[in-house]
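What follows is a short report on a single structure.
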Amino acid sequence: MFQMTLETEALIDRALAEDLSIGDPTTDILIPQELNGKASFVGKEKGVLAGLDVALAVFKRFDSSLLTEVHIRDGEHLRSGDLIATVSGRMNPMLKAERTALNFLRRMSGIASETSAYVREVDGFDATIVDTRKTTPGLRALEKYAVRIGGGYNHRQNLGDGILIKDNHIEALREMGMSLGDVVRKANSEKSHTINVEVEVEDLAQVEEALEAGAKILLLDNMGPEDMAIAVRMAEGRAVTEASGNITLQTVRAAAASGVDIISVGALTHSAKDLDISLDFAS
């Protein structure tokens with residue numbers, strides 16, 4: 001179950017305001033306030049449901065008198081035609097909240113479904129599928145929740161959630177005469193004892209340099225499966241290995257077979273297709 005927060009409620013308010021900042025003359029002219037009915041969320045394709053609590057909260061945020069009934073919960077697999085949940089009460093507010101609720105539910109279910117596909121692809125290997133910070137601005141908490149519902153795990157929530165030395169950090173400090181190893185040693189010497197240092201490496205020479213400098217996590221950027229397998233052997237007992245960079249459903253199993261511990265996939269959030277879910281009304 002998604003834990004609603006003040007931040008999520010504010011996000012819902014902003015989303016509703018996108019549609020309703022100057023009203024809804026269509027609904028207000030045509031739909032009497034006293035007209036009651038029921039709306040049903042219905043799945044239109046196979047996938048994994050995520051975000052139902054958020055979608056239903058949209059209706060409750062708009063009109064607390066609306067009643068909801070849940071038939072399928074987050075994390076369950078959908079088939080085309082499945083009845084997910086119903087909302088009943090005044091039709092006027094339901095029609096105004098319809099699109100906002102669907103936008104959240106379709107987006108989050110799409111991410112959960114995409115994540116589930118990646119998790120299935122690496123079945124039988126020890127690699128863990130994780131997301132990245134390549135999320136929709138303002139929606140990170142919802143999108144990372146959807147990744148978890150799909151069977152994946154979360155990488156950093158924000159920049160303060162660990163030390164990850166990327167190629168641009170290294171390039172910036174190269175202007176000061178520092179090598180990759182120097183950068184790693186600087187991070188290790190000044191970090192909190194509760195934080196590990198992760199560093200992006202692009203070839204096996206950088207793998208060895210990072211290991212010698214004391215990096216505890218290696219982000220193997222755009223390496224082929226053969227080099228990743230060698231890097232895993234080099235890092236054994238010394239550092240965790242993470243495959244990253246243009247990982248797709250077609251390449252993720254080969255990455256897992258290399259023996260890496262983690263596979264980070266930006267596509268879980270930046271390229272997932274919305275799951276087809278409709279809201280059908282009946283008076």
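The values are calculated or read from the model by the stated rules, or taken from the named source; none is laboratory data. Keep in mind the model is a prediction, meaning the values are calculated, not measured. When we count neighbours, we look across all protein chains shown, and the Cβ atoms used for this are built from the backbone with ideal geometry, even at glycine. Side chains included, ligands, DNA and RNA excluded: accessible areas come from the protein's heavy atoms. Shrake-Rupley method; radii C 1.70, N 1.55, O 1.52, S 1.80 Å.
If contacts are Cα pairs under 8 angstrom and at least 6 residues apart, what is the relative contact order of the chain in percent?
On the way: 534 pairs, mean separation 62.5, N = 283.
22 percent.
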At 222 nm, what helix-only mean residue ellipticity would the chain give, in deg cm²/dmol to the nearest 500, using -39500 (n - 2.57) for each DSSP H run of four or more? -13000 deg cm²/dmol
Below 8 Å between Cα atoms, with a sequence gap of 6+, how large is the relative contact order for the range 38-135 in percent? 37
Karplus ³J(HN,Hα) for the range 59-71 (6.51 cos²θ - 1.76 cosθ + 1.60, θ = phi - 60°; Hz, whole; x = Gly/Pro) runs 5, 5, 5, 7, 8, 5, 7, 5, 9, 10, 9, 9, 10
Go ahead and run the numbers for FRET between A172 and K38, Cβ-Cβ distance against an R0 of 35 Å, rounding to 0.05. 0.05
How large is the accessible surface of K166 in square angstrom, using a 1.4 angstrom probe and rounding to the nearest 10? 70
So for the range 1-134, taking the charge dipole from beta-carbon charges (+1 Lys/Arg, -1 Asp/Glu), which of V130, G43, A117 sits furthest toward the positive end? G43
Calculate how steeply helix 225-235 sits against the longest principal axis of the alpha-carbon atoms of the chain, using the helix alpha-carbon long axis, and give the answer as 0 to 90 degrees to the nearest 10. 60
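Test of understanding: what is the full-extension gain from V70 to N188, defined as 0.36 nm times their sequence separation minus their Cα-Cα distance?
Stretched fully, the V70-N188 segment lengthens by 37.5 nm.
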Calculate one ³J(HN,Hα) per residue across the range 258-263 by plugging θ = phi - 60° into the Karplus curve 6.51 cos²θ - 1.76 cosθ + 1.60, and present them in order as whole Hz with x for glycine and proline. 5, x, 5, 7, 9, 10
q = 0.14, 0.17, 0.19 Å⁻¹, the range 197-283: log10 I(q)/I(0) [Debye, one scatterer per Cα]: -0.49, -0.66, -0.78
On a 20 Å Cα-Cα criterion, which of the cross-link pairs K144/K273; K38/K96; K44/K134; K44/K96 come out too long? K44/K134; K44/K96
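Treat the range 73-119 as a sphere of radius equal to its Kirkwood radius over Cα pairs and apply Stokes-Einstein at 25 °C in a medium of 0.890 mPa s; give the translational diffusion coefficient in µm²/s, rounded to a whole number.
For these conditions, the coefficient is 197 µm²/s.
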How long, wide and thick is the range 36-91, going by the Cα atoms along their three principal axes, in whole angstroms, largest first? 31, 19, 13
Square roots of five times the C-alpha gyration tensor eigenvalues of the range 154-218, ordered largest first and given in whole Å, equal 18, 13, 12
(i) -0.35, -0.63; (ii) -0.30, -0.57; (iii) -0.25, -0.51: which one is log10 I(q)/I(0) by the Debye sum over Cα atoms at q = 0.07, 0.10 Å⁻¹ as calculated from this entry? (i)
Using modelled backbone amide H atoms (1.01 Å from N, in-plane), which distant-in-sequence or interchain residues come within less than 5 Å of T128's amide H? I262, I263
Which listed residue (G75, V199, G259) has the Cα farthest towards the positive end of the charge dipole for the chain, taking +1 on Lys and Arg C-beta and -1 on Asp and Glu C-beta about the Cα centre? G75
When only the heavy atoms of the protein chains count and the probe is 1.4 Å, how do I84, I22, I217 rank by accessible area, highest first? I22, I217, I84
Residue-ordered couplings for the range 117-129, obtained by feeding phi - 60° into the Karplus form 6.51 cos²θ - 1.76 cosθ + 1.60 and rounding to whole Hz (Gly and Pro as x), are 5, 5, 4, 5, 5, 9, 4, x, 10, 8, 5, 9, 8
The range 144-267: equivalent-ellipsoid semi-axes (sqrt of 5 x gyration tensor eigenvalues, Cα, Å): 24, 18, 13
Protein-only accessible surface order, largest first, of Y118, Y153 at 1.4 Å: Y153, Y118
Residues of the range 227-283: accessible area per residue at 1.4 Å, in Å²? 45
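Any number yet on Rg/Rh for the range 91-221, C-alpha, Kirkwood?
Taking Rh as the inverse mean 1/r over Cα pairs, Rg/Rh reads 1.12.
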Once the principal axes of the Cα atoms of the range 1-143 are found, what is the range along each, listed largest first in whole angstroms? 58, 32, 23
